[in-house]
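Here's the structure we're looking at; comments come further down.
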Protein chains: 6
Amino acid sequence: MRTVVVTDPPRADPGAVDALAGFGVATVHEAMGRAGFLGPGIRPVHLGSRVAGTAVTVLSWPGDNLMIHVAVEQCRPGDLLVVATTSPSTDGMFGELFATALQHRGVRGLVIDAGVRDVADLHAMGFPVWSAAVSAQGTVKATPGAVNVPVSIGGQVIRPGDAILADDDGVVRVPRETVADTVKAARAREEKEEATRTAFRTGELGLDRYGLRDRLLELGIEYVPYRDGS
Amino acid sequence: MRTVVVTDPPRADPGAVDALAGFGVATVHEAMGRAGFLGPGIRPVHLGSRVAGTAVTVLSWPGDNLMIHVAVEQCRPGDLLVVATTSPSTDGMFGELFATALQHRGVRGLVIDAGVRDVADLHAMGFPVWSAAVSAQGTVKATPGAVNVPVSIGGQVIRPGDAILADDDGVVRVPRETVADTVKAARAREEKEEATRTAFRTGELGLDRYGLRDRLLELGIEYVPYRDGS
Amino acid sequence: MRTVVVTDPPRADPGAVDALAGFGVATVHEAMGRAGFLGPGIRPVHLGSRVAGTAVTVLSWPGDNLMIHVAVEQCRPGDLLVVATTSPSTDGMFGELFATALQHRGVRGLVIDAGVRDVADLHAMGFPVWSAAVSAQGTVKATPGAVNVPVSIGGQVIRPGDAILADDDGVVRVPRETVADTVKAARAREEKEEATRTAFRTGELGLDRYGLRDRLLELGIEYVPYRDGS
Amino acid sequence: MRTVVVTDPPRADPGAVDALAGFGVATVHEAMGRAGFLGPGIRPVHLGSRVAGTAVTVLSWPGDNLMIHVAVEQCRPGDLLVVATTSPSTDGMFGELFATALQHRGVRGLVIDAGVRDVADLHAMGFPVWSAAVSAQGTVKATPGAVNVPVSIGGQVIRPGDAILADDDGVVRVPRETVADTVKAARAREEKEEATRTAFRTGELGLDRYGLRDRLLELGIEYVPYRDGS
Amino acid sequence: MRTVVVTDPPRADPGAVDALAGFGVATVHEAMGRAGFLGPGIRPVHLGSRVAGTAVTVLSWPGDNLMIHVAVEQCRPGDLLVVATTSPSTDGMFGELFATALQHRGVRGLVIDAGVRDVADLHAMGFPVWSAAVSAQGTVKATPGAVNVPVSIGGQVIRPGDAILADDDGVVRVPRETVADTVKAARAREEKEEATRTAFRTGELGLDRYGLRDRLLELGIEYVPYRDGS
Amino acid sequence: MRTVVVTDPPRADPGAVDALAGFGVATVHEAMGRAGFLGPGIRPVHLGSRVAGTAVTVLSWPGDNLMIHVAVEQCRPGDLLVVATTSPSTDGMFGELFATALQHRGVRGLVIDAGVRDVADLHAMGFPVWSAAVSAQGTVKATPGAVNVPVSIGGQVIRPGDAILADDDGVVRVPRETVADTVKAARAREEKEEATRTAFRTGELGLDRYGLRDRLLELGIEYVPYRDGS
């Protein structure tokens, strides 16, 4: 493991990142061609938030939050902290003192592939958190790791400065170079979905709207009336 | 796998299904002799709903929601959509556009042994969902499956037209032929429980009310005073 | 397995237990030197409660709640019921009738390494529950177990009369002999944290406050500017 | 739960069942149109066996093997015991004494969605076992269940008398009515696979043999040379 | 967490521990009244060993094997190392160098509620291992823990000097004070089982041998002939 | 998701890759500074193999092995196939026909973050496999993915042409640029370990060899004699 702190990584354009927060995680994931989702294992502790920010990344040893302390100093307004561990861990590496320090620096939230604690306080503070676990288990500050190197969560690689969008559906990563394009694609998708929504509200079927009836034929799907015993 | 859409299956009596919604899942499960529960793996995304409906069943390929589009057309007012996959999957196969289409048709909710997305929207729409996962991960429309065939979730078989009851305790299936009887049994159980509740509120013990003291003797359970070191 | 009911175990001092409820689970866990946490597998069904009580312990057979009935009689005001099973189980061993009986006796809540049901009712009653699962699955009353013997959950041993503190971060156990000392240590910790909180609010860094910069040097952590491709 | 023992269910044709053992589980699953597989959660304790038999089914309470005793009496030569529990359990419900009794009756093996024990003895006896767990944890004989009712494991329904085939890839169920047809389809598939195998051994590609190159075009898959940074 | 090394704990009688190795884990678990089993999560990496020894216990920080180094010095011939971690971990804390050092000291094997590595070497050396995981992931030597304090694995408490028996069914703990009695009870159980085995080999049924037919009647289990559709 | 096939990626030096196979996965992971391990979730189906090769990477849709067919054509002698899926899947995407085709091309094995089947045949063929699951469940060929793009498994990113080493401890990735250096570091580590092994065989302790006694003092670890009740 590299034991390094990378300073001043390029960050995604702040305006584009803010625009990203106008869309849901599922929409943005679709707009990128079904990519970038960090998987169902990273969940909000409390439902009801949506936030976008630029990633400051941390790679920590399990049971050790030393590198989160290091990372705080690297954070700027508009960032979102993203923490991975070198092996699976549920420990409560992050709590309200960290959130206090991060809020002072304008950090918008936390995504962590490990545990968090003080979750009632975090909620009261309005500091949103997406995590793999909730755990009061404390950690030490003994073993080195890295800050602002690429980290991997749920099969996705997050580089420092990438845009992160999180809501009740989970977390998606947008490469820092393509945030504006992704916003455009998300807007286009949403407009298309709005038309579909209107159609569905008046009874049109997806089978017709998406032209799926031919595919059903090709695939050999048969319609048969119900018979006893089936 | 059969690639078939069964049309017009018999449905449980609507009045009986509506009456079912007057009871909790645990009560109905007990009233059927401790049967029909779909297990602890299917959970509401948001707590606070209770709904009963008749099952329209879907068997889908993992990562593919084609058959849900097919199923929408088979739904009628009072139905509840029940989705299983041919192998374990957490993908977000269902979102608010589907819910929009289903609400138009009078469908009351979704039970899915896979993932859902747009969960904030689903909650805002008042479309209740019980699922195995929440995931923004999108799906394709490429592989056939079946609609209105028996599906199995959590060790329970759900046939099209069976009654489904879901609340904060999970989901229970009632065979379509026995819904009225189950409602009766649930009512009887609830009356008995109300009497027990009253007794418990005034200090009666379950040991006495259920006549368990003799059983403790038979089982050789001993009462011993506390001693140091134990 | 011992099939025994131990009566009148010593209980932690009630005043000290009540004082414990003034602190969070994470704080008390830290105040004991990072000990006593029951792990991330025991979670509140509803967020938002904090409760402290003295443990009445139950060891039950999976799928069987006979011993919970036995335990009710052993409960006193200020107690908190703690249930373990002899092998892993998710069954809904506990519901609102038990909670009714326990509230009558002044019991403050439940910690169970298995399932609970009637969770909407439990929440409405104000009876807080921490559990490994929510499940409507019912149980029988057929097989003996033990009450008020030491039980083990999440790697922690809970003896009857030990203090239990539970909140949104999970559950911690405090040995009955050391509750007052733990309260003192928690208070000291909280005062220290309050000072840290104030410092963090004005921009001090953990790196400085905890004197970590020297450690980073010892550990060989390097600061390097970002370069393309990293 | 029904507490019933169904006697003398129809069994799949013994000759067809024996023929089934000439094929692998994956082949038979494919021959049925990718159906019938009991999922990756049911695994052989020791690799290296393949067995086919007719199912005698058991539905047991967790932590209780009473109904397995009942089932032994219902077994005949050529049968294979299939055990499900009413809720998830890992307990060691089955060991070498049961295997001794079953071998006497000509039973060919066990499939169990719970735990087994005495696994070294079972292996030495040549009694093959597929299970969800290995556990020394013992069980009681206190709570009723059912024998020879349909049970559901891994999303598949197994009726008494259905054919079961198990090998190192897991377990597949063949409806008792269609075993001979399935054997035919498996044989056809194997012949086709043998031709493919020969072709692959001489360097033909699946892309050509299965005519997939056109599909790649339709799907818009591009071939691009490697560039730095990708 | 206490950071302490307890020296010279009492050990179970060596002769009794050696006698214990004549029985299987399941037998000993039953002989203690179905107690002491460390659960299905601790498994042998290679099948085919059985070993008994006296526990030297270790409580380690996740990702840190410092305390195993400390524990080696506390080991004597006939011991078996038992390692728990303060929070869930899969890291490979133990490998062949440790096994080399332990074999020199006459230690008989390892039980660890975390990961091991070098498993091919461990097998070649004849050093048996039961673990929660296999993982090449390395660890550091930075954070204190404890040696020879009680540890809890799978709901069982293991004190230093307790007897540990491990085989293909998993691991069981016998309190150091009662090993000789347990050996006696195991022998009695085995004799009884041998008689049962003989009876089963000649066709006697468990239903008759254990007198279960009356219980079936009491429990209301009905025998019914098979009917179509069931 | 990019739907692209990258041709002719640079590969690690073949001689260096072959040299890598002279070391264990744990050794190489340590030699890289405790990096590159794909985690405890990827396991050999059969123990006893060690293989090194250059990665051809595949990103597949769950339940779909189309892209593995595409990847076969990209494989050369000395390669090792590495398959990830876009969302969690256990399906048996790979079997002996694929292995036949790959052996013809000189491919040395498979690492897959999903399921495999025909495992008895794969073993008989001498084609080693590391996977997340064994499953007979078949897949379709309907949905695009990518070949030779970076994929992420267990928190590690594998680029095409990287070296992969796999043995009974799991799988490690070595960046293609640093294989020769890693071999050197592994050799140095092994020499150091051989000296330690010799020392341990004659009774030296890790506490002394690694100079850990001072650290114990610093950490405040106390040695205390055993007392009753501890």
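The values are calculated or read from the model by the stated rules, or taken from the named source; none is laboratory data. No experiment lies behind these values; they were computed from the predicted model shown. Cβ atoms come from the backbone with ideal geometry, glycine included; neighbour counts cover every protein chain shown. With ligands, DNA and RNA removed, areas are computed over all heavy atoms of the protein, side chains included. Shrake-Rupley method; radii C 1.70, N 1.55, O 1.52, S 1.80 Å.
The table that follows gives values for the structure above.
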| item | result |
| --- | --- |
| The stretch E:130-153, residues that are surrounded by fewer than 24 Cβ atoms within 10 Å (Cβ to Cβ), away from chain A (no Cβ under 14 Å) and outside any strand (DSSP E or B) | E:Val149, E:Pro150 |
| Those residues of the stretch A:88-99 which are more than 8 Å from chain C (Cβ to nearest Cβ), of a type outside the set (D, E, K, R) and open to solvent by less than 10 Å² (accessible area, probe 1.4 Å), in sequence order | A:Met93, A:Phe94, A:Ala99 |
| For A:Ala120: the one exception among (1) closer than 30 Å to F:Val151 by Cβ; (2) open to solvent by 20 Å² or more (accessible area, probe 1.4 Å) | (1) |
| Qualifying residue in the stretch B:106-113 (condition: closer than 22 Å to A:Val25 by Cβ and within 11 Å of chain A (Cβ to nearest Cβ)) | no |
| Strands (runs of 3 or more DSSP E) enclosed by the stretch A:154-230 - at least 1 residues per element that are surrounded by 13 or more Cβ atoms within 10 Å (Cβ to Cβ), more than 7 Å from chain B (Cβ to nearest Cβ) and free of Cβ contacts under 8 Å to residues at least 24 places away in the same chain | A:156-158 |
| Near pairs, Cβ below 6 angstrom, 6+ apart or cross-chain, from the stretch B:1-20 (among the hydroxyl-bearing types (Ser, Thr, Tyr)) to any residue that is in a strand (DSSP E or B) | B:Thr7/A:Tyr223; B:Thr7/A:Pro225 |
| Residue satisfying condition, being over 13 Å from the mean Cα position of the chain (by Cα) and within 10 Å of chain F (Cβ to nearest Cβ), within set E:Pro9, E:Pro14, E:Pro62 | E:Pro9 |
| Residue tally, condition assigned to a helix (DSSP H, G or I) and surrounded by 24 or more Cβ atoms within 10 Å (Cβ to Cβ), over the stretch A:100-111 | 2 |
| Matching residues in the stretch B:77-86 - criterion: being open to solvent by 10 Å² or more (accessible area, probe 1.4 Å) and more than 11 Å from B:Arg108 (Cβ to Cβ) | B:Thr85, B:Thr86 |
| Members of the stretch E:60-69 that are buried (at least 24 other Cβ atoms within 10 Å of the Cβ) and in contact (Cβ under 8 Å) with a residue 40 or more places away in the chain | E:Ser60, E:Trp61, E:Pro62, E:Gly63, E:Asp64, E:Asn65, E:Leu66, E:Met67 |
| Restricting the stretch D:36-45 to residues that are more than 23 Å from B:Val151 (Cβ to Cβ) and within 10 Å of chain F (Cβ to nearest Cβ), the residue that is least open to solvent (accessible area, probe 1.4 Å) | D:Pro44 |
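Yes/no matrix, rows are residues, columns are (1) open to solvent by 30 Å² or more (accessible area, probe 1.4 Å); (2) assigned to a strand (DSSP E or B); (3) modelled with pLDDT under 95:
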| site | (1), (2), (3) |
| --- | --- |
| D:Val6 | no, yes, no |
| D:Pro9 | no, no, no |
| D:His29 | no, no, no |
| D:Arg34 | yes, no, no |
| D:Leu47 | yes, no, no |
| D:Val58 | no, yes, no |
| D:Ala71 | no, no, no |
